[in-house]
Every structure is written in C-alpha cells, then in structure tokens.
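Visitor: This is the structure, below, for whatever I ask next.
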Amino acid sequence: MDIGEILYISSRLFLGALAAFLAIMLWSKTRDMAWMLMVIGTIAAYAEIVYSILGLFGITQGTVPLVGSIPLPSLILSNLPTGFLIAAFLVMVIRKFHR
C-alpha cells in the first residue's frame with residue numbers, strides 16, 4: 001500500500017466520520033422530515049465508505065450475493081444516500097408547492 005492509498009483511505013474515513021458525527025448532532029436537534037432524511041443519507045454515505053474500504057482490504061469479499069458481477073451490498077449502499085437525498089428534496093418541494 002503506497003502513500004496515495006493511505007491518504008485516500010484516511011481522508012475518506014475522517015471526512016465521512018466528521019460528516020456523520022455532525023449529522024447525528026443535527027438529528028438530535030431537529031424533527032423536520034427533510035432534514036432527517038438528509039441526516040440518514042449522510043449516515044448511509046458513511047456506511048458505504050466503510051464498506052468500500054473494507055472491500056479494498058478484501059474483508060467483505062466472499063459469499064455475498066451478486067447482481068451480474070456487482071456485489072448486492074455495494075449496489076445498495078452506493079445508491080442509498082442518493083435515494084435519501086432525493087426523498088429529502090422531494091419533501092421540501094412538496095412542502096413549498098403545498099403552501
């Protein structure tokens with residue numbers, strides 16, 4: 001493992017952990033549905049970061065189900081944050097047009 005990979009892994013873990021920590025702090029202070037969906041999307045993004053880094057180390061490879069040649073957890077975790085952000089924006093749009 002060279003310095004570039006170490007920098008890549010550590011920066012993704014550090015920044016993802018910081019975003020997840022701040023999102024959890026915000027979650028405890030708000031009950032707004034759109035913000036809660038954004039927080040969940042941020043936490044899901046961090047879960048995807050951790051899973052992909054575990055995959056770099058070869059820990060998550062094994063008996064996971066595949067969709068074509070893509071592992072199912074990778075497919076779900078990579079799209080889950082975007083799904084939550086879409087839901088959050090949809091809640092905001094509906095709220096704005098419903099007034």
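Visitor: Any idea which of Thr60, Ile3, Ile94 is furthest toward the positive side of the dipole for the chain, if Lys and Arg beta-carbons carry +1 and Asp and Glu beta-carbons -1?
Guide: The one lying farthest along the dipole's positive direction is Ile94.
Visitor: Using a simple spin-label model with points 7 Å from Cα along the Cα→Cβ vector, what separation in nm is obtained for Ser78 and Ile24?
Guide: Once both label points are built, they end up 2.7 nm from each other.
Visitor: Once ligands and nucleic acids are excluded and a 1.4 Å probe is used, how much of Ile6 is accessible, expressed in Å² to the nearest 10?
Guide: Spelled out: Ile6, probe radius 1.4 Å, area about 80 Å².
Visitor: Calculate, for the chain, the solvent-accessible area per residue in square angstrom, rolling a 1.4 angstrom probe over the heavy atoms of the protein chains. Intermediate results must be reported in sequence, preceding the final value.
Guide: Numbers: 6930 Å² over 99 residues.
Per-residue value: 70 Å².
Visitor: Further, regarding this structure: Please label the shape of segment 12-76 as rounded, prolate or oblate, based on the square roots a ≥ b ≥ c of the eigenvalues of the alpha-carbon gyration tensor (a/c under 1.5 means rounded; beyond that, a/b larger than b/c means prolate, else oblate).
Guide: Working: a/c = 4.16, a/b = 1.96, b/c = 2.12.
It comes out oblate by the Cα gyration axes.
Visitor: Report the paramagnetic label zone for Ser52: residues of segment 77-97 whose backbone N is under 15 Å from a point 7 Å from Cα along the Cα-to-Cβ axis.
Guide: 77-83
Visitor: If you stretched the chain out fully between Tyr8 and Met33, how much longer would it get, using 0.36 nm times the residue separation minus the C-alpha to C-alpha distance? Write down the numbers at each step before the final one.
Guide: Working: separation 25, 0.36 × 25 = 9.00 nm, distance 3.31 nm.
In short, 5.7 nm is gained.
Visitor: Filter the DSSP H helices in the chain by two things, a Kyte-Doolittle mean of at least 1.6 and an axial alpha-carbon span of 20 angstrom or more, and list the hits by number. Present the calculation step by step, with values, prior to reporting the outcome.
Guide: Values: long enough: 3-29 (39 Å, 1.41); 33-56 (34 Å, 1.72); 72-98 (37 Å, 1.39).
Sorted by number, the helices that extend far enough and score high enough are 33-56.
Visitor: For every helix of n ≥ 4 consecutive DSSP H residues, a contribution of -39,500 (n - 2.57) applies; sum these over the chain, divide by its total residues, and give [θ] at 222 nm rounded to the nearest 500 deg cm²/dmol. Mind dumping the intermediate values first?
Guide: Details: 3 runs with 78 residues, N = 99.
About -28000 deg cm²/dmol.
Visitor: Which order do Val50, Val39 take by accessible area at a 1.4 Å probe, largest first?
Guide: Working: Val50 50, Val39 5 Å².
Of Val50, Val39, the descending order of accessible area is Val50, Val39.
Visitor: Now a separate question. Hey, rough spin-label estimate for Met1 and Phe89, points 7 angstrom out along Cα→Cβ, what's it come to in nanometres?
Guide: It is 3.4 nm.
The values are calculated or read from the model by the stated rules, or taken from the named source; none is laboratory data. Please read these numbers as outputs of a predicted model, since none were measured by experiment. Please note: Cβ atoms are built from the backbone with ideal geometry, for glycine as well, and neighbour counts cover all protein chains shown. Surface accessibility is based on the protein's heavy atoms, side chains included, excluding ligands, DNA and RNA. Shrake-Rupley method; radii C 1.70, N 1.55, O 1.52, S 1.80 Å.
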